[in-house]
Amino acid sequence: MKKYLLSLSTVALLAAMSSCSNEEVIGKGEPKVIDDALISFSKPVVTISQNEESKSAIEDATLPTGGTLGIYAYKGTAPYFTAVYTPGDYTALMESGYMWPGSETVNFYAYFYKGTGVSVTNYETIPYTLNSTWNDQVDLLYAQKSQAKTESTPGTVDPVPLVFNHAMAWIRFNIKSSTNAGVELNSVSFLTKTKAAFSLLAGAFGTASDEATLTLNDAVPVTPDATGGVSTACVNSLLIPTTWTDKDITVTINGAVFAPVKISETFAPGLVYTYTIDYSGKEIQFSADPEITEWNKTAVGAVDVPVE
């Protein structure tokens with residue numbers, strides 16, 4: 001599974017609610033300040049765009065408007081602090097006075113998402129609902145890091161690097177045809193689990209529930225290339241990681257609904273599963289195995305965060 005190192009320059013953590021209107025700080029007991037080193041984080045840079053090639057890619061210097069970043073910290077086994085940000089622009093200095101507790105190790109858990117269908121209430125277990133529409137589906141990202149105060153440069157406390165993983169899997173369907181003229185993949189439908197709770201501390205979903213039929217289609221026509229080869233476009237869906245055994249997949253091509261094709265697969269988070277549908281003009285066949293790739297990303301360099 002691909003991990004995303006969001007390496008960016010220091011941003012101080014957690015503005016007091018009275019000084020920053022776009023964040024919320026929720027105390028889990030009063031941290032005892034026994035050192036003068038403020039906890040800070042490498043600046044997260046995540047963009048969730050609404051197209052198949054860059055959904056949840058890392059490509060921008062700010063968190064998108066409407067996104068939510070949550071950080072949950074433990075000192076040993078005791079909750080230390082919790083903070084939630086819903087920023088439009090993440091370049092402002094944010095600080096609240098949470099300090100490194102001497103040389104003790106602090107365990108950090110973070111999440112990020114953009115959209116609806118996710119409701120964080122206790123910052124440990126995150127309820128998730130999979131939307132039936134691709135553009136409205138939420139890619140839930142999470143990070144886990146244990147770190148004590150370190151100083152690579154004397155007098156400068158190192159920020160905590162947040163390394164995010166995808167909690168979801170991604171399934172895609174494309175088409176090819178030896179009789180490519182006028183062939184169009186209209187939709188792909190299947191029944192799948194749509195609700196589950198994600199444990200931020202365990203880094204995994206619990207048992208999924210509430211099955212629903214997803215019908216995948218695309219505003220861009222999904223057609224074979226000019227020679228009948230594999231289409232460039234796909235129909236897409238995120239999936240709560242699960243195992244399918246003889247799952248019925250219903251395909252509609254040129255308005256005709258074909259008899260279901262069965263798929264068996266175990267879907268893992270952070271991976272993309274691409275199935276190719278081969279259309280003969282009368283029948284369809286699926287690729288024996290999907291092409292499995294790691295989630296795409298766009299690398300970024302360091303970005304200075306101004307202190308204002």
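A short reminder: the numbers here are calculations on the coordinates, not readings from a lab. These figures come from a predicted structure and were not determined experimentally. In this analysis, Cβ positions are derived from the backbone assuming ideal geometry, glycine residues included, and neighbour counts consider all displayed protein chains.
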Which pairs, out of K176/K282; K114/K145; K262/K282; K193/K247, put more than 20 Å between their alpha-carbon atoms? K114/K145
Taking a ≥ b ≥ c as the square roots of the Cα gyration tensor eigenvalues, with a/c under 1.5 meaning rounded and otherwise prolate when a/b beats b/c or oblate if not, the stretch 221-284 comes out oblate
Can you sort W244, W295 by how many other beta carbons sit within 10 Å, fewest first? W244, W295
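Please say if the stretch 170-251 is rounded, prolate or oblate, where rounded means a/c under 1.5 for a ≥ b ≥ c the square roots of the C-alpha gyration tensor eigenvalues, and otherwise the choice is prolate for a/b larger than b/c and oblate otherwise? Before the final figure, lay out each step's value.
Details: a/c = 3.11, a/b = 2.49, b/c = 1.25.
Judged from the Cα gyration tensor, the stretch 170-251 comes out prolate (a/c at least 1.5, a/b above b/c).
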